[in-house]
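What follows draws every value from the coordinates through simple rules; no lab data is involved. Bear in mind the structure is a predicted one, so any value in this text is a computation, not a measurement. Cβ atoms come from the backbone with ideal geometry, glycine included; neighbour counts cover every protein chain shown.
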Amino acid sequence: MNQQASVFNQRRTGVLLHITSLPSSNLGKDAYRFVDFLAATGTTIWQMLPLGPTHADNSPYQCLSAHAANASLICPHWVTQQSWAIADELDVSNLSILIAKAFHQFDTYADDEEKQLFSDFCQQHAYWLDDYVLFCEIRHLNFTNAWFDWPEALRDREVDALARIRCDRQQALDIRCFEQFIFFQQWRSLKRYANEHGVLLFGDMPIFVAHDSADVWANQGLFTLDNTGQATRVAGVPPDYFSATGQRWGNPLYEWEAHQQQDYLWWQQRLSTQLDLFDLVRIDHFRGFEACWEIPANCDTAIDGAWVKAPGDELFDKLLSVFGELPLVAEDLGIITDEVTVLREKYAMPGMKILQFAFGSDADATNPYLPHQHCRDSVAYTGTHDNNTTVGWYQEVDEGTQQHIASYLGRDDVSMPWTLNRIALQSVAALAVLPMQDILSLDGSHRMNVPGTTEGNWSWQFSWEMLTDDSQAQLLNLNKLYGRC
């Protein structure tokens with residue numbers, strides 16, 4: 001068995017809060033204030049959702065790029081404070097116009113050292129940046145239509161067609177590169193501040209990428225596509241207790257043989273980007289590295305899919321040889337086979353334990369989410385971004401579940417969410433993570449996402465007025481009490 005990443009050498013607490021849920025929804029002062037809050041409460045992990053540029057539904061799990069950042073997270077005030085900026089000429093109310101004007105100011109007034117930083121950034125990230133900005137510009141010129149609906153020459157990446165775009169739209173492409181440069185500069189400043197205050201950043205990497213993404217367009221041979229760019233087989237999960245037809249996600253799957261022939265370079269680059277941004281990364285749908293549920297693309301449901309083996313061992317052996325250690329957490333929720341558990345344990349990746357899944361009216365002491373079933377190489381959560389808040393969950397469960405909780409704890413004075421918060425922090429799990437909503441004692445109207453729905457998700461924000469001195473004191477006290485700070 002491989003050695004666990006050094007981040008898990010001590011007991012830690014994390015808080016789950018996406019950048020968009022900050023009061024300002026960007027990398028400005030609220031992000032730094034949030035780091036201060038974490039440090040003051042003995043919390044050493046800030047977990048967030050994927051940072052990529054989203055489609056119209058704003059889901060961070062279906063992004064236009066596996067590498068690029070969502071430009072809307074940029075703090076406009078930071079831009080106006082740069083040495084090369086003329087603040088009076090920059091309108092902070094319109095980010096895209098601000099970035100375009102800031103680029104011209106940078107080009108005119110930045111010194112040689114600053115321009116060299118931009119040049120170095122573009123060279124260092126050329127493996128994804130060149131294709132990404134080209135993808136975005138062509139998508140803009142084609143009224144945001146998906147790449148597989150573009151004119152054939154652009155869809156198929158014909159050399160002459162792409163060269164014409166680069167020639168005709170060079171300044172627009174440069175501005176898009178500059179936009180990513182600005183984000184990464186702001187991010188590194190925030191990450192440095194967090195690390196200096198003892199806080200590590202915990203990211204999220206979906207196993208699959210969106211069909212309409214720069215990654216699939218630029219690497220069509222690595223995905224299950226036909227010669228027109230349409231998916232032939234797509235991802236999902238089979239029918240189960242929760243859904244008689246399963247879930248058809250629609251992401252193209254990986255042509256694993258093509259990845260093997262390239263020595264998993266695409267994966268090396270993808271993880272490199274994530275480890276540049278984060279100290280720790282969660283892999284969503286980890287079981288897909290052992291076997292994927294492949295669904296023929298012409299099927300409307302997931303019923304007719306089949307499990308197809310994936311080369312998880314070979315892939316992680318390669319990644320381990322490149323990166324030395326793998327500071328990864330495996331999202332291993334749902335029906336997990338012994339083979340998936342063996343793969344996770346072989347590479348010393350902690351799994352996830354969700355306390356909202358632990359209790360029920362049909363109490364079963366072997367439920368793996370119950371605290372007495374936890375192990376050190378796991379991450380204990382009250383709930384995740386896909387769950388209700390703990391207050392909302394407790395309000396909705398039946399009386400039998402509430403009785404099970406009280407019986408399990410040996411007391412009747414159950415008070416949510418702090419009863420469940422305490423259980424998570426008590427856990428033997430090396431890391432315990434609380435959604436910010438559970439620290440703020442918020443009900444179900446404040447949840448982040450309702451799986452299976454497409455409207456009203458990913459928009460929740462908190463305000464500093466919600467954070468009381470009492471909740472901060474409780475968090476600090478429990479972190480001390482259970483040896484997590």
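Before moving on, here are some points about what is shown:
- Using the Cβ-Cβ distance between residue 403 and residue 469 with R0 set to 45 Å, the FRET efficiency from 1/(1 + (r/R0)^6) comes to roughly 0.85.
- About the Cα centre, charge dipole magnitude for the stretch 219-349 (Lys/Arg +1, Asp/Glu -1 at Cβ), debye: 200 debye
- Computed helical MRE - 222 nm, the chain, DSSP H runs ≥ 4 contributing -39500 (n - 2.57), nearest 500: -12000 deg cm²/dmol
- Packing, as the average of other Cβ atoms within 10 Å across residues, places the peptides 306-312, 437-443 in the order 437-443, 306-312, highest first.
- Separation in nanometres of the label points that stand 7 Å from Cα toward Cβ, at residue 269 and residue 116: 2.7 nm
- Pairs exceeding a 22 Å alpha-carbon distance, out of 29/480; 318/346; 309/346: 29/480.
- Each label was represented as a point 7 Å from its Cα along the Cα-to-Cβ direction; for residue 156 and residue 81 these points are 5.1 nm apart.
- Alpha carbon centroid spacing (whole Å) that separates the stretch 415-485 from the stretch 87-139: 37 Å
- Projecting the Cα atoms of 254, 230, 266 onto the charge dipole of the stretch 219-349 (Cβ charges, centred on the Cα centre) puts 230 farthest toward the positive pole.
- Fraction of C-alpha pairs exceeding 25 angstrom in the stretch 194-330: 31 percent, rounded to a whole number.
- Convex hull of the chain built on C-alpha atoms - directionally averaged projected area, nm²: 23.5 nm²
- The stretch 4-47 and the stretch 242-300 have Cα centres separated by 27 Å.
- ³J(HN,Hα), Karplus 6.51/-1.76/1.60, whole Hz, each residue of the stretch 268-282, x for Gly, Pro: 4, 5, 5, 5, 4, 4, 5, 6, 6, 8, 10, 8, 8, 9, 8
- Cα lying deepest toward the dipole's positive end in the chain, options 404, 242, 296, charges on Cβ: 404
- For the chain, the longest principal axis of the alpha carbon atoms and the long axis of helix 170-196 meet at an angle near 30°.
- Estimated from the Cβ-Cβ distance and a Förster radius of 30 angstrom, the FRET efficiency linking residue 29 and residue 9 is about 0.40.
- Dipole check for the chain: with +1 at the C-beta of Lys and Arg, -1 at the C-beta of Asp and Glu, and the Cα centre as origin, the magnitude is about 980 Debye.
- Eligible lysines near residue 115 by straight Cα distance, threshold 17 Å, same-chain separation 8 or greater: 101
- Of the peptides 127-133, 413-419, the ranking by mean beta-carbon count within 10 Å, highest at the top, reads 127-133, 413-419.
- Peptide packing: for 293-304, 164-175, 381-392, the average count of neighbouring Cβ atoms within 10 Å per residue gives the ranking 381-392, 293-304, 164-175, highest mean first.
- Among 311, 136, 395 - extreme Cα towards positive end, dipole of the chain, charges at beta-carbon: 395
- Crossing angle, helix 95-109 versus the chain [Cα axis fit, 0-90 degrees, rounded to tens]: 50 degrees
- On Cα atoms only, tilt of 112-124 relative to the major axis of the chain in degrees: 70 degrees
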